[in-house]
Structure formats: C-alpha cells, structure tokens
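Visitor: First the structure, which I've put down as structure tokens, then a few questions once you've had a look.
The values are calculated or read from the model by the stated rules, or taken from the named source; none is laboratory data. This structure is a prediction, so every number in the text was calculated from the model and none was measured. Don't worry about glycine lacking a Cβ; one is built from the backbone with ideal geometry, like all the others, and counts go over all protein chains shown. Keep in mind that these areas ignore ligands, DNA and RNA; they rest on the heavy atoms of the full protein, side chains included. Shrake-Rupley method; radii C 1.70, N 1.55, O 1.52, S 1.80 Å.
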Amino acid sequence: MALDPEHCVFCKIIEGIIPGAKVYEDDKVYAFLDIAPFNFGHTLVVPKTHCHAISELDDEYRAAMINAAAKIAPAVMRATGAAGYNLLLNNGQVAGQEVPHVHLHIIPRFVDDKVLLGASQKQYEGTAMADLQAKIQEKIALRD
Ligand code: AMP
Ligand code: ZN
C-alpha cells in the first residue's frame, strides 16, 4: 500500500503538501493535532499508507499505529493536564468516519468536560446477548 496524496487529505498532510501540526513521526506512523478538537490536544494517529479500514490495514502498520498511540497518549495527558483519554476509531461513514484513511483519535479528557462521545447505550433483551456472542464467535472462527 502507498500514499494517495491526490485524493486524501491525510496523505497530503503526511507528504507535507498541506500543513499539519505534527507531534510524532516514525517510518510507519504520522500523528498530528486534530483541526477541530473535542478537547485541546486531540491528536490523530495515522498510518503512512493509504487504507480506508482497520481490518484491511497491513499488520505492521496497524501495530505501529496502536503502539504509537500508547506512547503519544500519556504525553498528551502530561502536556494538557488531562486526567484520562479516549482512543476512538470511526470505521465507515455510518460510524462517523469522514476521512477515508484509517486513524486513531486520542481525545484528552478532563473532569466535567461535557464531551459527549455517543450517549445512547442499549439493553439486550432475552437471549439476544448470548445469541450475538455465539454469532460473533462463529464469524471469527470462520475467518481463521
Ligand atoms: P473521522 O470523523 O473519524 O474521519 O475524523 C476525521 C477527523 O479529521 C476530524 O476530527 C477532523 O476534525 C479531522 N481533520 C480533517 N481535516 C483535517 C486537517 N486538515 N488537519 C487536522 N485534522 C483534520
Ligand atoms: Zn490517505
């Protein structure tokens, strides 16, 4: 997989074609501040290969993205004074993915910051939870 700076805003940032507030870079990952943050310090961790979905990403890039996030997040906390953080990955338009290049959001969190990340939790009825548990296990086994 390669970068696609002609069509993708994150590839453009990685290539330096448009500016990004870079906080970290290595051979597989680029991380920069989100331009419209939920909280200040909100950072995006992006693999240096153009790929829409985390499931399609090469293992080495996926591992690098998560390892980088684990390293960057404590630094974001120290830099902002945050008490915690959310790691968020929107996969697919229906899930809120606006930029079709895989990215992990690091969202620093503060006491009573009023940030709402999806406020509608559901309750399983009857055997629905066990049914779905079995179905997902089956699908995982089928892919192996
Ligand atoms: P998502 O909705 O998960 O695809 O997240 C895309 C994120 O990219 C949003 O939070 C945007 O604010 C952010 N974003 C879009 N364009 C830029 C840019 N040029 N620089 C920094 N962040 C950006
Ligand atoms: Zn891209």
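Visitor: Dipole magnitude of the chain about its Cα centre, charges +1 at Lys/Arg Cβ and -1 at Asp/Glu Cβ only, in debye to the nearest 20?
Guide: Numbers: 13 positive and 18 negative charges, 83 e Å.
Computed about the Cα centre, the dipole is about 400 debye.
Visitor: Taking H as built 1.01 Å from N, whose amide H comes closer than 5 Å to the amide H of V23, not counting residues under 5 places away?
Guide: Sorted by chain and number, the residues that satisfy this are A31, F32, L33.
Visitor: Give the carbon-plus-sulfur fraction of the accessible surface of region 9-119 in %, rounded to a whole number; probe 1.4 Å, heavy atoms of protein chains only.
Guide: Working: 3360 of 6010 Å².
Answer for region 9-119 is 56 percent, counting heavy atoms of protein chains only.
Visitor: If you take the charge dipole of the chain about its Cα centre, with +1 on Lys and Arg Cβ and -1 on Asp and Glu Cβ, which of A68, L104, F40 is farthest toward its positive end?
Guide: Ranked along the dipole, the leading option is F40.
Visitor: Taking the Cα atoms only, what angle lies between the long axis of helix 128-143 and the longest principal axis of the chain, rounded to 10 degrees?
Guide: Taking Cα atoms only, the helix is inclined about 60 degrees.
Visitor: As a test of understanding, state the convex hull volume per residue of region 53-102 from its alpha carbons, in Å³.
Guide: Values: hull volume 4.3 nm³, N = 50.
Once divided by residue count, the hull of region 53-102 is 86 Å³.
Visitor: Still on this structure, please answer the following. Given only helices, namely DSSP H runs of n ≥ 4 each adding -39500 (n - 2.57), what is the per-residue ellipticity at 222 nm of the chain, to the nearest 500 deg cm²/dmol?
Guide: Helix contribution divided over all residues of the chain: -10000 deg cm²/dmol.
Visitor: Roughly what % of Cα-Cα distances in region 18-97 sit above 18 Å, to the whole percent? Write out the running numbers ahead of the final one.
Guide: On the way: 1361 of 3160 pairs.
It works out to 43 percent of all Cα pairs.
Visitor: Let me ask something additional. Just the Cα atoms of the chain: what Rg and Dmax do they give in Å?
Guide: Reported Rg and Dmax, both Å: 17.2, 54.
Visitor: Can you tell me the 0 to 90 degree angle between the C-alpha axis of helix 59-80 and the longest principal axis of the chain, rounded to 10?
Guide: Once rounded, the angle reads 70 degrees.
Visitor: Provide the net charge surrounding N39, with neighbours chosen by a C-beta distance below 14 Å and charges set as Lys +1, Arg +1, Asp -1, Glu -1.
Guide: Numbers: positive: R109, K114; negative: D34, D112, D113.
Spelling it out: positives minus negatives among the neighbours equals -1.
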